[in-house]
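Bear in mind that the values in this text are calculations on the coordinates, not laboratory data. Keep in mind it's a predicted model, so treat the numbers as computed, not measured. All Cβ positions, even for glycine, are placed from backbone atoms using ideal geometry, and neighbour counts span all protein chains on display.
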Amino acid sequence: MSGAVDAVAELLSRARRVVVLTGAGISAESGLRTFREAADRQEQSTSRGGVPPTMEGLWKSFDPQKLATPEAFEADPEMVTRWYDHRRVGCLAAQPNPGHVALAEIERRVVARGGVFTLLTQNVDRLHQRAGSVNVVELHGSIIEWRCVKTGRKVTPGPGAMTEFPPRSECGALLRPDVVWFGEMLPETAVRAAQEAVAECDVFLSVGTSAQVYPAAGFIHAAARNGAKTVEVNKDPTPISPMVDWSVLAKAGEVLPEVVGRMGE
Ligand code: BV8
């Protein structure tokens with residue numbers, strides 16, 4: 001692995017335009033559950049006769065891809081908003097880990113030498129921003145902010161758990177998390193920023209994502225088509241592992257600080 005780490009450090013030391021795509025895996029070392037693990041666990045738990053749907057159990061006994069949908073919210077806004085508020089409070093209590101901090105440092109170094117750095121995240125936990133990342137594009141919105149389903153007005157709930165479910169906005173309409181659910185379009189501004197960054201990047205890093213959710217995963221393929229050098233840092237193999245120039249199968253919180261340590265200033 002150290003050969004790959006040296007090569008990635010060398011790539012990033014010379015890169016002019018860097019794009020990084022992150023997924024749930026980069027927040028795993030902050031104690032936040034990933035989707036695949038939850039889905040796998042859901043299969044196991046239902047195979048063992050299912051887990052009672054306690055708040056904790058919601059994550060274990062429900063597939064996030066079934067809960068993270070407008071249909072689920074429509075059918076049971078109380079259950080969906082309880083699940084999202086539970087996750088929101090968890091995100092606020094979590095701390096950025098060395099993987100988040102390393103990406104913020106890589107951005108600082110690339111920009112300091114006149115380069116351009118864009119962080120595309122599928123995560124909704126805002127840990128990248130808390131770690132110091134600046135140019136962050138939230139492809140799937142944020143769980144930290146909620147919005148009125150009627151007016152679209154955004155609110156930022158306080159750090160404590162909500163007390164009323166489903167929560168309502170000032171006008172009395174339902175409040176929903178300001179995230180992109182399955183079946184919903186990504187924010188136009190985010191997609192445009194991602195497309196522009198990918199069109200010109202010379203290095204594309206995919207970190208902590210199973211590269212299975214679109215259109216986010218499509219940016220990896222677009223970067224490769226545009227001739228960028230592509231790197232994957234992921235704990236397990238993914239569908240893009242065979243296609244990237246460098247696939248580092250390891251934890252982001254361990255590898256990325258090593259890459260920073262071997263990069264030039
Ligand atoms: C859309 C917010 C128009 C909510 C999320 C083709 C084109 C366009 C759309 C589609 C298409 N094909 C299918 C679709 C529909 C769908 C889709 O992609 N489905 C998948 C399941 C096939 N896409 C959509 O619906 C998107 N909308 O395109 O609108 C449209 C609609 C319908 C049909 C056509 C067009 C909207 C997608 C966004 C959904 N919202 N999140 C919330 O958070 O609750 S998605 C959510 O799940 C995450 O944001 C993330 O994107 C995804 C999970 O992916 P990962 O982040 O990769 O997490 P995962 O657990 O899978 O993997 C973690 C990885 O980390 C693992 O590989 C693991 O090994 C690794 N790891 C673990 N620990 C570590 C680690 N790596 C490093 N270090 C560690 N320590």
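Taking label points 7 Å from Cα along the Cα-to-Cβ direction, Lys154 and Glu170 give a separation of 1.7 nm. For the pair Glu254 and Glu200 in one chain, pulling the backbone fully straight at 0.36 nm per residue adds 16.6 nm over the alpha carbon distance. Let me check I've understood the local charge: for Ile220, count other residues with C-beta under 13 angstrom from its C-beta, Lys and Arg +1, Asp and Glu -1. What total comes out? It works out to a net charge of 0. Say the dipole of the chain comes from +1 at the beta carbon of Lys and Arg and -1 at that of Asp and Glu; which of Gly261, Gly208, Pro157 then lies farthest toward its positive end? Working it through, the farthest residue towards the positive pole turns out to be Pro157. Normalising the average separation of contacting C-alpha pairs (under 8 angstrom, six or more residues apart) by the number of residues puts the relative contact order of the chain at 27 percent. Segment Glu71..Arg225, full-extension length gain: 51.9 nm, with 0.36 nm per residue of separation and the alpha-carbon distance subtracted. For Val116, the residues 5 or more places off, or on other chains, whose built amide H falls under 5 Å of its own are Arg17, Val18.
Counting lysine pairs in the chain that sit 8 or more residues apart in sequence, or on different chains, and whose Cα atoms lie under 27 Å apart gives 7.
Across segment 155-265, the fraction of Cα-Cα pairs farther apart than 18 Å, rounded to a whole number, is 64%. For Val248, nonlocal amide neighbours, meaning residues 5 or more places apart or on other chains whose placed amide H falls under 5 Å from its own, are Glu232, Val233, Asn234. Considering only Leu205, Leu174, Leu12, the mean-square fluctuation computed in a Gaussian network model of the chain, springs between alpha carbons under 10 angstrom, is largest for Leu174.
Close amide H partners of Thr22, meaning residues 5 or more places away or on another chain with modelled amide H under 5 Å apart, are Leu120, Thr121, Gln122, Val207.
Taking only the C-alpha atoms of the chain, the Rg (one decimal) and the largest Cα-Cα distance, Dmax (whole number), read 18.8, 58 Å.
So for segment 109-265, averaging the separation of alpha carbon pairs under 8 Å that are six or more residues apart and normalising by length, what relative contact order in percent results?
15 percent
Estimated from helical segments only, the mean residue ellipticity of the chain at 222 nm is -12500 deg cm²/dmol, where each DSSP H run of four or more residues counts as -39500 (n - 2.57).
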